[in-house]
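The values are calculated or read from the model by the stated rules, or taken from the named source; none is laboratory data. Every value quoted in this text rests on a predicted model; they were computed, and no experiment measured them. Please note: Cβ atoms are built from the backbone with ideal geometry, for glycine as well, and neighbour counts cover all protein chains shown.
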Amino acid sequence: MEDSLLIGGRALNNRLFIGTGKFPNKTIIPEVIKESQSQVVTMALRRVDFDSEQENVLNYIPKSCILLPNTSGARNADEAVRIARIARAAGCGNWIKIEVISDNKYLLPDNYETIKATEILVKEGFVVLPYMSPDLMVAKKLQDVGAAAVMPLGAPIGTNRGLKTKELIRILIEEIEVPIVVDAGIGKPSEAAEAMEMGAAAVLVNTAIATAGDPVLMAGAFNLAVQAGRKAYLAKTGRTKYYAEASSPLTGFLTYEEAI
Amino acid sequence: MSFYECYNAYKDFDFNKFWRELTPQDIAGILTKDNISVWEYLALLSETAESLLEDMAKKAHKLTRQHFGPTILLYTPLYLSNYCVNRCSYCGYNAANKIRRKTLTIQEVEQEAQAISSQGLRHILILTGESKYHAPLDYIMDCIHVLRKYFSSISIEIYPLDTEEYRQVIAAGVDGLTIYQEVYDEGVYDDIHLSGPKKNYRFRLEAPERACEAKMRSVNIGALLGLNDWRKEAFFTGLHAKYLQDRYLDTEISVSVPRLRPHAGSFQPNAKVTDKNVVQYMLALRLFMPRLGITVSTRERAEFRDNILRLGVTKMSAGSCTKVGGHTLEEAGEEQFAVSDTRSVEEIRVMLLQNGYDPVFKDWHPLTEDVIKGEENAGGNCAENF
């Protein structure tokens with residue numbers, strides 16, 4: 001069955017996006033990407049050193065992947081826009097993940113500035129994926145100004161606390177037409193599967209893989225979990241009930257009788 | 001309200017009585033909490049807490065991994081001038097010390113910048129002694145202009161400026177400020193700063209706030225350990241960092257934990273600060289402020305620096321030289337203090353990788369229009385690499 005995710009005119013067969021921060025050694029990144037089977041890889045442009053062969057993270061990302069530079073470090077819309085322009089000018093393509101964070105304590109996104117940056121960059125031809133605190137009205141505005149997907153957080157960045165914002169994400173999944181990519185907070189493959197079962201279009205995982213005891217093995221686990229969650233969503237999970245229901249109902253014979 | 005009022009609210013507190021009444025059970029209880037109050041931070045700095053140092057270390061390690069991953073940002077200092085008009089009893093640059101003084105010419109700054117950047121470093125910290133005559137702001141701006149060609153992040157550790165001056169240096173390309181209060185105890189501060197503008201305790205104390213108001217991206221503060229009871233100084237440093245982090249959400253706050261080092265002059269530390277003390281200070285800071293940057297310089301021994309990697313540190317200097325022009329010039333000025341970890345940048349890089357850490361050479365990219373133009377003119381480096 002064909003089940004690709006369409007973002008910015010690109011069809012993706014894998015719904016796990018991964019990040020490149022927090023790895024103990026960049027040389028492990030190609031293996032992680034291979035094992036995750038991810039087609040979209042995000043990296044903080046502020047960390048990319050174009051002049052250094054050894055330190056340039058781009059040298060460790062396979063050419064087949066879609067680069068998703070992020071605007072990490074931007075404190076307002078203006079800075080996010082500038083970082084996006086630098087990324088594109090440097091040849092990193094036109095996909096951009098907007099991260100506007102002006103709170104260094106919890107690293108929560110500034111939704112208002114995120115909308116402003118998204119609007120500007122969409123008009124400039126970027127495929128914009130904004131990272132945001134899950135809020136229906138904000139997601140609608142992001143969609144209205146042309147975001148290619150919206151990326152609500154499951155929990156604050158790097159916390160591995162899981163889907164703490166589950167109920168709000170569920171509303172976004174129900175109400176928003178562009179793909180919902182759950183970003184930040186997912187700490188375990190089971191949580192990624194849960195997000196996918198709910199109907200998320202994809203998940204982005206960095207810390208949970210990068211800081212795992214065996215990042216390569218964990219990348220594979222996440223790949224399988226995302227696939228399992230997606231299949232479960234497509235299969236339409238059974239209803240949740242408060243009381244047990246026998247698989248051979250006591251009154252089943254009545255239906256049988258009517259059918260004869 | 002400034003941090004000075006905050007300092008005044010605590011300065012007469014009976015710290016020793018508070019610490020004496022603590023039990024190991026009190027400390028163990030604090031270690032179960034996610035959010036730690038100012039009083040609990042003070043408790044973690046007590047002698048009683050020393051018995052739970054390993055538990056503190058495990059939690060600090062976990063928190064650091066969670067928030068920063070196994071990464072260490074590397075930077076190096078570049079000394080522009082060692083002229084100073086202050087007489088600080090603990091400093092080699094003391095105006096009364098008969099040392100070889102020098103201010104780099106702009107050509108020499110470029111020569112030093114080339115040598116440092118060739119080692120891969122993209123973060124630089126420029127330092128001067130406190131002499132506005134020998135290193136005026138215009139001179140520092142000229143240096144910044146040259147350094148921007150070689151470094152993506154420029155921090156300053158110079159005499160305190162007013163808010164408008166901080167705005168000027170930020171506009172010129174500076175994104176970080178390091179300014180140490182040296183000692184928070186106002187009485188001790190007055191005693192050891194014998195003369196010069198640095199005697200103005202409050203102007204120095206409030207410099208980080210002025211920089212934050214001017215929208216500095218990162219501000220690094222600290223007390224120079226050895227000038228006073230380290231536990232009290234650690235408390236006020238943490239209090240100061242918390243004050244800044246709570247009020248200036250968009251500035252990244254970090255703390256350095258420098259100890260007095262041998263230098264020109266005869267000053268002896270007022271208080272002994274052991275390795276164990278520094279470790280306890282770092283751990284307490286991490287538990288109190290999980291997202292705080294913690295900087296450890298080459299003042300510390302190589303072996304000690306290797307061992308504290310997993311205890312909360314997020315930034316390290318590498319390949320340091322505290323002499324003006326010490327990287328390339330034969331006629332270098334005298335050093336501010338003796339460097340302890342003399343390993344090269346490459347040696348530090350290898351050490352970090354061997355310990356499972358990613359050495360981060362670049363963590364910021366200037367956002368001025370000419371930089372964007374520069375990337376365009378470069379014809380898309382990213383695409384070539386990719």
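Scanning the stretch A:1-20 for residues that are in a loop (DSSP other than H, G, I, E, B), touching a residue at least 24 places away in the same chain (Cβ under 8 Å) and of a type outside the set (Gly, Ala, Ser) yields A:Met1, A:Asp3, A:Asn13, A:Asn14, A:Arg15, A:Thr20. Restricting to the stretch B:92-110, and then to whatever is of a type in the set (Ser, Thr, Tyr) and assigned to a loop (DSSP other than H, G, I, E, B), can you tell me which residue is modelled with the highest pLDDT? Selected residue: B:Thr105. Just checking, does the stretch A:168-179 include any residue being touching a residue at least 60 places away in the same chain (Cβ under 8 Å) and over 30 Å from B:Lys62 (Cα atoms)? Scanning the stretch A:168-179, I find at least one residue that is touching a residue at least 60 places away in the same chain (Cβ under 8 Å) and over 30 Å from B:Lys62 (Cα atoms), so the answer is yes. Exactly one residue among A:Val81, A:Val40, A:Val32, A:Val48 is in contact with a helix residue (DSSP H, G or I) (Cβ under 8 Å, 6 or more places away or on another chain), more than 10 Å from chain B (Cβ to nearest Cβ) and either surrounded by 23 or more Cβ atoms within 10 Å (Cβ to Cβ) or aliphatic (A, V, I, L, M) (or both), and that residue is A:Val32. State whether one or more residues within the stretch B:17-34 are under 26 Å from the mean Cα position of the chain (by Cα) and either exposed (fewer than 13 other Cβ atoms within 10 Å of the Cβ) or under 19 Å from B:Lys232 (Cβ atoms) (or both). The answer is no; no qualifying residue exists. Within the stretch B:60-68, is there a residue that is modelled with pLDDT of 95 or more and farther than 28 Å from B:Thr178 by Cβ? No, there is no match, as no residue in the stretch B:60-68 is modelled with pLDDT of 95 or more and farther than 28 Å from B:Thr178 by Cβ. In the set B:Gly92, B:Gly69, only one residue is closer than 22 Å to B:Gly325 by Cα, touching a Ser or Thr at 6+ places or on another chain (Cβ under 9 Å) and among the small types (Gly, Ala, Ser); that residue is B:Gly92.
Across the stretch B:151-193, the number of residues qualifying as touching a Lys or Arg at 6+ places or on another chain (Cβ under 6 Å), at pLDDT 95 or above and farther than 21 Å from B:Ser256 by Cβ comes to 1. Against the test of being modelled with pLDDT of 90 or more and either more than 27 Å from B:Ser344 (Cα to Cα) or more than 14 Å from chain A (Cβ to nearest Cβ) (or both), the options B:Thr251, B:Thr322, B:Thr314, B:Thr298 yield a single qualifying residue, B:Thr251.
Within the stretch A:52-64, the residues that satisfy the criterion of being within 9 Å of chain B (Cβ to nearest Cβ), assigned to a loop (DSSP other than H, G, I, E, B) and not basic (Lys, Arg) are A:Ser52, A:Glu53, A:Gln54, A:Glu55, A:Asn56, A:Ile61. Among the residues of the stretch A:162-172, is any surrounded by fewer than 20 Cβ atoms within 10 Å (Cβ to Cβ) and either modelled with pLDDT under 90 or in contact with a strand residue (DSSP E or B) (Cβ under 6 Å, 6 or more places away or on another chain) (or both)? Checked against the condition, which is being surrounded by fewer than 20 Cβ atoms within 10 Å (Cβ to Cβ) and either modelled with pLDDT under 90 or in contact with a strand residue (DSSP E or B) (Cβ under 6 Å, 6 or more places away or on another chain) (or both), the stretch A:162-172 yields at least one hit. Taken over the stretch A:65-76, the criterion of being outside any strand (DSSP E or B) and hydrophobic (A, V, I, L, M, F, W, C) is satisfied by A:Cys65, A:Ala74.
Determine, yes or no, whether A:Ile180 is away from every other protein chain (no Cβ under 14 Å), touching a helix residue (DSSP H, G or I) at 6+ places or on another chain (Cβ under 6 Å) and surrounded by fewer than 21 Cβ atoms within 10 Å (Cβ to Cβ). So A:Ile180 does not fit the description; no. Residues of the stretch B:215-229 that are out of contact with any strand residue (DSSP E or B) (no Cβ under 8 Å at 6 or more places or on another chain) and over 19 Å from B:Leu177 (Cβ atoms): B:Asn228, B:Asp229.
This table checks each residue for (1) at the interface with chain A (Cβ under 8 Å from one of its Cβ atoms); (2) in a helix (DSSP H, G or I); (3) at pLDDT below 65.
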| site | (1), (2), (3) |
| --- | --- |
| B:Asp341 | no, no, no |
| B:Ile348 | no, yes, no |
| B:His365 | yes, no, no |
| B:Ile372 | yes, yes, yes |
| B:Ala383 | yes, yes, yes |
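Filter the stretch A:7-29 down to the residues that are within 13 Å of chain B (Cβ to nearest Cβ) and among the β-branched types (Val, Ile, Thr), then identify the one that is nearest to B:Phe68 (Cα to Cα).
Looking at residues that are within 13 Å of chain B (Cβ to nearest Cβ) and among the β-branched types (Val, Ile, Thr), I get A:Thr20.
Of all the criteria given as (1) out of contact with any Asp or Glu (no Cβ under 7 Å at 6 or more places or on another chain); (2) at pLDDT below 95; (3) within 27 Å of B:Asp34 (Cβ to Cβ), the one not satisfied by A:Asp214 is (3).
Here the condition is being within 14 Å of chain A (Cβ to nearest Cβ) and either under 27 Å from B:Phe13 (Cβ atoms) or crowded, with 21+ Cβ neighbours inside 10 Å (or both); of B:Lys242, B:Lys199, B:Lys215, B:Lys232, it holds for B:Lys242 alone. Within the stretch A:164-191, the set of residues being farther than 29 Å from A:Leu121 by Cα and hydrophobic (A, V, I, L, M, F, W, C) is empty.
One residue alone among A:Asn206, A:Asn223 is of a type outside the set (A, V, I, L, M, F, W, C) and either under 10 Å from the mean Cα position of the chain (by Cα) or at pLDDT below 95 (or both), and that residue is A:Asn206. State which residue is nearest to the chain's Cα centre (by Cα) when the search covers only the stretch A:86-145 and only residues that are assigned to a loop (DSSP other than H, G, I, E, B), within 13 Å of another protein chain (Cβ to nearest Cβ) and of a type in the set (Asp, Glu). So the residue we want is A:Asp110.
Of everything in the stretch B:150-202, what is more than 17 Å from B:Thr295 (Cα to Cα) and polar (S, T, N, Q)? Give them in sequence order. Give the steps one after another, and end with the answer.
At the first step, the residues of the stretch B:150-202 found to be more than 17 Å from B:Thr295 (Cα to Cα) are B:150-152, B:158-174, B:183-202.
Matches in the stretch B:150-202: B:Ser152, B:Thr163, B:Gln168, B:Ser195, B:Asn200.
I need the full set of residues from the stretch A:65-78 which are under 22 Å from A:Ala11 (Cα atoms) and at the interface with chain B (Cβ under 10 Å from one of its Cβ atoms), in order please. Residues satisfying the conditions are A:Cys65, A:Leu67, A:Pro69.
The C-beta contact set for the stretch A:140-161 (first residue basic (Lys, Arg), second residue surrounded by 20 or more Cβ atoms within 10 Å (Cβ to Cβ), distance under 6 angstrom, 6+ apart or interchain) comprises A:Lys141/A:Ile115; A:Arg161/A:Gly185.
Residues in the stretch B:147-169: is at least one β-branched (Val, Ile, Thr) and surrounded by fewer than 20 Cβ atoms within 10 Å (Cβ to Cβ)? The answer is yes; a qualifying residue exists.
The residue that is surrounded by the fewest Cβ atoms within 10 Å (Cβ to Cβ), among those in the stretch A:188-232 that are touching a residue at least 24 places away in the same chain (Cβ under 8 Å), not small (Gly, Ala, Ser) and not in a helix (DSSP H, G or I), is A:Lys188. Only residues that are assigned to a helix (DSSP H, G or I) and touching a residue at least 40 places away in the same chain (Cβ under 8 Å) were counted in the stretch B:1-18, giving 7.
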